[in-house]
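What follows is a set of notes on a single structure, which appears directly below.
Read-outs throughout are calculated quantities, based only on the coordinates presented, and are distinct from any laboratory measurement. Here the structure is a predicted model, which is why all the values come from computation and not from measurement. Don't worry about glycine lacking a Cβ; one is built from the backbone with ideal geometry, like all the others, and counts go over all protein chains shown.
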Amino acid sequence: MGLPVTVYRWDDAGAPQLSTPSSSEIIAILKKCLVEGYGNKASLGWTNEFESADGKRVIFRNSPISGTGSYVRFDATPTGSWANNVHIKTAQIATGLDDLQRVSYQKPLAVGEFDKGWVLIGTERGFYFQLRDSRSTDCVYYGSYDYKANKQLVFVGDINSYHGIDAGAFTVLLGDGHADDYTGTYGESLAALVSDHKFNKLYDTDGFDHSSNMYMKYNTPYITTRALAGTVESRGVTPIYFKVILSEQSFGTLDRAGTPAYLSTKSPFIRGDVPGYLMCNCNGYLDTPWPLIIDINGVAHFGMTNPVGVQFFVNLESWYD
């Protein structure tokens, strides 16, 4: 049985705002959505495990009952050229703000001058968070290839693993790369995937301290970089929707015991999918009023914007089915 989904937005009654906007305001928003709730909306039921005195560094934990009970640290203290970045890192074990074990690669969420809107869609196991360009009421602001509105989309939580109780399923998914990253841009987003996208690393299914880099391979449809207005159907294209799969680089990659990935139960070749997340075979909706909610096979899905339109959609009803 899947988990119900809740949507939080900056224009909800009583919602926290990105007034400056600043990286520390991102922390305040996450606290409200994940732990405290606001207005008439309850929180997602995550817990605040550790927090600095100034509130600029915090570690949240997802459900240890329905999920892995893993940890994510949000750090809004970077300075200099990284000053408006929130650095995100996950861990299987956390005993303090600087005591993390079995960590992911760090991913940066950058707050631009016009990133004054936001949306968070999630469950007690995982969530998506996206910044919203305040210059337009449409899905995409024309001429928004700039650093004034990065509109990044990030996922934090358990992937939808295909391997039962998967102790290593927790991660952060954002830009393309298998290394710690420090500066976010509009091109680093889960809504702007590339062929053979380098997601992050996942630790073994049994929780052992051994990790494998994850890629998006073998299920990748055409990913456009063209700015396209109107619906997909209006251009004579039949929309086809794909799950976004996380896999090893090769089916022959060896796990820690020397078993090839296609036979491994510890580091299996196909690990799972990004929960509730679908990719369309074509981009579109550039000039469509935001929010964009469409029906896909009888289920409502929320369109997640990228700099040239909408090609990715989040299930608004149930994940981890």
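Pairs of Lys residues in the chain that lie 8 or more places apart, or on two chains, and have C-alpha atoms under 17 angstrom apart add up to 21. Placing pseudo-labels 7 Å out from each Cα toward the beta carbon at residue 241 and residue 12 gives an inter-label distance of 2.2 nm.
Quick one: if the Förster radius is 41 Å, what FRET efficiency do residue 195 and residue 317 give, using the C-beta to C-beta distance and rounding to 0.05? For R0 = 41 Å, the calculated efficiency reads 0.90. Dipole orientation for the stretch 1-88: of the candidates 4, 72, 14, 4 has the Cα lying most toward the positive pole (charges on Cβ; Lys, Arg +1; Asp, Glu -1). Measuring r between the beta carbons of residue 83 and residue 179 and using R0 = 30 Å, the FRET efficiency lands at 0.90. So if I take the centroid of the Cα atoms in the stretch 90-131 and the same for the stretch 37-74, what is the distance between those two points in Å? First find each Cα centre; the distance between them is then 10 Å. Shape descriptor for the stretch 1-114: Rg over Rh equals 0.97 (Cα atoms; Rh from the Kirkwood inverse mean 1/r). Here's the picture: charge each Lys and Arg Cβ at +1 and each Asp and Glu Cβ at -1 in the chain, and of 155, 111, 38 the one pushed furthest to the positive end of that dipole is 111. Placing +1 on each Lys and Arg Cβ and -1 on each Asp and Glu Cβ, with no other charges, gives the stretch 3-319 a dipole about its Cα centre of roughly 160 debye. Computed extension length for residue 1-residue 97: 31.2 nm, one decimal, from 0.36 nm per residue of separation with the Cα-Cα distance subtracted. To the nearest 0.05, how large is the calculated FRET efficiency for residue 48 and residue 213 if R₀ is 25 Å and r is the Cβ-Cβ distance? Given R0 = 25 Å and the Cβ-Cβ separation, E is 0.25. At q = 0.07, 0.08, 0.12 Å⁻¹ the log10 of I(q)/I(0) for the chain amounts to -0.25, -0.33, -0.77, computed by Debye summation with a single uniform scatterer per C-alpha, solvent ignored.
Tell me the chymotrypsin sites (Phe, Trp or Tyr not before Pro) within the stretch 250-321 that lie in a loop according to DSSP and have at most 13 other beta-carbon atoms within 10 Å. Walk me through the intermediate numbers first.
Details: sites: 251, 262, 269, 277, 285, 302, 312, 313, 319, 320; in loops: 251, 262, 269, 285, 320.
Those that pass, being in a loop and sparsely packed, are 262.
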